[in-house]
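Each remark here refers to the structure printed beneath this line.
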Amino acid sequence: MKKLLILGVILFFPLKVSALSAQNIVAMDMDTHRTLYEKNAHNPHLIASISKIMTCIVAIELADLESEVTPTTTILKSFGSGIYIEVGEKIKLKDLLYGLMLRSGNDAALAISEYVGGTVDNFVKLMNEKAKSLGMNNTTFINPHGLENKEGKGNMSTAYDMALLSSYAMQNETYRNIVSTKNYKATSSTKTYSWTNKNKLLTMYEYTTGGKTGFTEKARRTLVSTAQKGDKNITIVTLNDPDDWQDHKNLYETLFKEYKRVKVVSKDQFKIENETYYKQEELYIKEDIYVLVNDLEKNAISIAYELNKIPNYKNDTKVGTIKIKLKDQVIKEEDIFVRKKEATKKTTFWQKILGWLKHD
């Protein structure tokens with residue numbers, strides 16, 4: 001049986017920003033996955049080389065980055081941007097990932113996917129499985145690099161889905177290190193490479209922490225970026241945006257100015273009023289709950305508790321969920337746990353007498 005308690009008043013105040021040139025755009029709080037700004041956020045579009053974010057994170061999670069890769073003739077199918085690796089050359093997987101993300105190497109994408117997945121097609125299956133697990137419901141990958149095939153078909157996604165992917169990938173330290181790197185040198189069995197990151201935001205906007213560029217004639221300019229200022233972590237995705245660098249910078253400046261991270265629930269003072277089923281025990285959450293809101297929103301937050309009446313529960317059993325809402329949108333969820341209180345032992349009259357005698 002589930003018990004639901006709701007506190008607070010719900011209101012919503014849209015953010016006002018200057019005109020942006022992107023066909024599709026999302027700005028997302030990476031910590032809560034709350035959408036802070038959007039336009040055509042859920043419309044599928046060709047995404048070009050920002051596809052490589054998925055290629056990179058799948059490889060990081062599944063393979064030994066210090067292992068040595070020997071590119072096969074598969075890389076000869078590559079065209080467009082490349083890092084110009086050669087068949088038979090030996091190079092670390094980690095270095096290929098830097099070449100993939102800094103220089104958007106399509107040859108690197110093929111070498112990585114074949115090495116990690118056994119075949120390129122099998123690796124693409126892994127990409128789609130990962131997308132599904134992340135809730136990227138409007139995304140389909142057909143290759144690891146983002147180029148369109150001869151029929152004009154390519155990887156399809158939405159600005160929202162790619163923001164989910166960016167938020168997820170940025171939780172990984174190795175991924176963060178790669179995409180925040182401005183310059184990188186790598187040595188293979190035959191030569192030395194020197195790469196500069198194509199992401200101009202790393203030099204033109206001081207709070208940028210990473211991202212990935214993309215372009216094809218059909219997709220036009222696509223860009224994923226991330227930025228952090230103080231305790232605010234935001235990712236922006238634009239699809240078909242001729243002025244993407246400036247749009248990302250301008251939107252970040254607006255968001256960082258308008259939004260503040262506010263603590264809405266303290267783990268040390270957590271209590272659910274009028275709760276009766278677990279009244280003899282202690283309900284708790286593991287972390288303080290923060291949300292990113294503007295000045296108008298911070299006084300219009302609602303908090304909902306969903307508790308399950310679980311029989312024979314033990315210490316640290318999950319018994320419910322706390323949901324932080326703005327309007328009808330859940331912007332943060334955390335699990336609620338139960339902890340049994342230590343039973344207070346009653347002291348008998350004779351135990352008190354013995355205690356006094358020992359004290360004397």
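With everything on Cα atoms, drop me the angle between helix 244-258 and the longest principal axis of the chain, reported from 0 to 90° to the nearest 10.
Value to nearest ten degrees: 20.
Between helix 52-62 and the chain, what is the angle of the helix's C-alpha long axis to the longest principal axis, kept within 0 to 90° and rounded to the nearest 10?
The two axes meet at around 60 degrees.
In a Debye calculation with equal point scatterers on the alpha-carbon sites of the chain and no solvent, what is log10 I(q)/I(0) at q = 0.09, 0.14 Å⁻¹?
Cα-only, vacuum Debye calculation for the chain: -0.60, -1.12.
Cross-link partners among lysines for K77, C-alpha distance below 19 Å, same-chain residues fewer than 8 apart left out?
Straight-line reach from K77, under 19 Å: K52, K90, K150, K153.
Remind me, relative contact order of region 236-289 in percent, using alpha carbon pairs under 8 angstrom and six or more residues apart?
35
With N denoting the number of residues in region 84-198, provide Rg(C-alpha) divided by 2.2 N^0.38 Å, to two decimal places.
It is 1.11.
Compute the long axis of helix 349-359 from its Cα atoms, compare it with the longest principal axis of the Cα atoms of the chain, and write down the angle in degrees, 0 to 90, nearest 10.
80
What residues from region 87-127 fall in the zone where the backbone N is under 18 Å from a label point 7 Å along the Cα-to-C-beta line of K182?
Label zone hits: 102-103.
Which value results for Rg/Rh of region 45-127 when Rg is the Cα radius of gyration and Rh the Kirkwood radius based on the inverse mean 1/r?
That ratio equals 0.92.
Check the straight Cα-Cα distances from K279 and name the lysines below 18 Å, setting aside those fewer than 8 residues away within the same chain.
K2, K3, K267, K271, K309, K314, K318, K340, K341
For region 161-287, what does the equivalent ellipsoid look like in terms of its semi-axes, each the square root of 5 times an eigenvalue of the Cα gyration tensor, given largest first in whole Å?
Gyration-tensor ellipsoid for region 161-287: 39, 20, 14 Å.
Counting only helical runs of four or more DSSP H residues, what would the 222 nm mean residue ellipticity of the chain come to if each run contributes -39,500 (n - 2.57) and the total is spread over all its residues?
My calculation for the chain gives -8000 deg cm²/dmol from helical runs alone.
We did not get these values from a lab; they are worked out from the coordinates using the rules stated. Since the structure is predicted, the reported quantities are computational estimates derived from the model, not experimental observations. Counting neighbours? That spans all protein chains shown, and the Cβs are built from the backbone with ideal geometry, glycine included.
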